[in-house]
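Colleague: Structure provided below as structure tokens; questions to follow.
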């Protein structure tokens with residue numbers, strides 16, 4: 001894919017969302033703080049992200065501080081695109097519905113984004129967060145990341161959310177390279193990158209994540225390029241999503 005001289009940084013939106021049949025990506029808002037705090041405090045959900053955990057968990061105030069910081073990086077510095085992963089009640093996979101509590105749902109609402117609104121026409125639950133960070137217009141690169149409620153692992157939700165994130169990065173922002181970072185123990189993410197996205201680990205950076213107490217983690221770095229996306233990754237991720245949505 002030929003490189004075009006475009007000002008990627010200027011294209012980073014202040015508030016963005018993406019609606020789809022499988023999942024809805026929403027701009028983070030204050031009414032989601034309690035859901036995000038619950039997510040970040042869950043030991044199972046965060047088992048592969050120990051460097052992000054807090055001994056006493058996250059409060060709604062902690063989640064609000066995190067949201068405001070990330071919003072500033074997106075709006076002022078144009079280096080992130082932040083999404084909350086939402087599922088309408090009708091989109092929640094059948095095996096998980098019985099595990100959801102009534103107080104996890106937010107009411108239907110019209111959510112403003114830069115170019116209009118996203119109409120969430122039924123109750124919905126915020127079950128994760130994802131997006132792009134370290135966006136570099138000069139290098140046409142970024143990092144992608146995701147945190148998903150463990151109840152929804154292996155349900156197709158992660159694939160759907162990351163598909164929309166990668167699609168936005170490559171097709172809307174015109175990025176050349178998107179990196180996804182994980183750790184050696186996260187065999188689920190590593191397997192998804194290798195078997196579904198179709199890319200192999202680019203590097204293993206030893207002892208780059210400090211946990212405290214003299215303990216470190218290695219970072220397993222995967223890179224998806226625009227030619228991977230066009231050549232096979234987009235098609236292969238869609239093939240994973242579509243059976244889950246039937």
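Computed from the coordinates by the stated procedures, all read-outs in this text should not be read as laboratory data. Predicted model only: the values in this text are computed from it and were never measured. Every residue, glycine among them, receives a Cβ derived from its backbone with ideal geometry; neighbour counts consider all protein chains shown.
Colleague: Indicate the gyration tensor shape class of the stretch 28-155 (rounded, prolate or oblate), computed on the Cα atoms with a ≥ b ≥ c the square roots of the eigenvalues: a/c under 1.5 is rounded; otherwise a/b larger than b/c is prolate and the rest oblate. It would help to have the intermediate numbers written out before the result.
Modeller: On the way: a/c = 1.65, a/b = 1.24, b/c = 1.33.
Taking the square roots of the gyration eigenvalues as a ≥ b ≥ c, the stretch 28-155 is oblate.
Colleague: Measure off 7 Å from each Cα along the Cα-to-Cβ vector at residue 30 and residue 209, then give the distance between these two points in nanometres to one decimal.
Modeller: Reported label-point gap for residue 30 and residue 209 is 3.3 nm.
Colleague: Residues of the stretch 123-156 with the amide nitrogen closer than 16 Å to a label point 7 Å from the Cα of residue 49, along Cα-to-Cβ, please.
Modeller: 126-134, 143-154
Colleague: If all Cα-Cα distances of the stretch 203-243 are sorted into 10 Å bins from 0 onward, what percent lands in each bin, rounded to whole numbers?
Modeller: 24, 27, 22, 22, 4
Colleague: Taking only the alpha carbons of the stretch 172-227, what extent do you get along each of the three principal axes, in Å, biggest first?
Modeller: 42, 23, 17
Colleague: What percent of all Cα-Cα pairs in the stretch 110-246 falls in each 10 Å bin, counting up from 0?
Modeller: So the P(r) values, bin by bin, are 10, 37, 36, 14, 3.
Colleague: If you project the alpha carbons of the chain onto their three principal axes, what span does each projection cover, largest first, in Å?
Modeller: For the chain, the Cα extents along the three principal axes come out at 48, 48, 39 Å.
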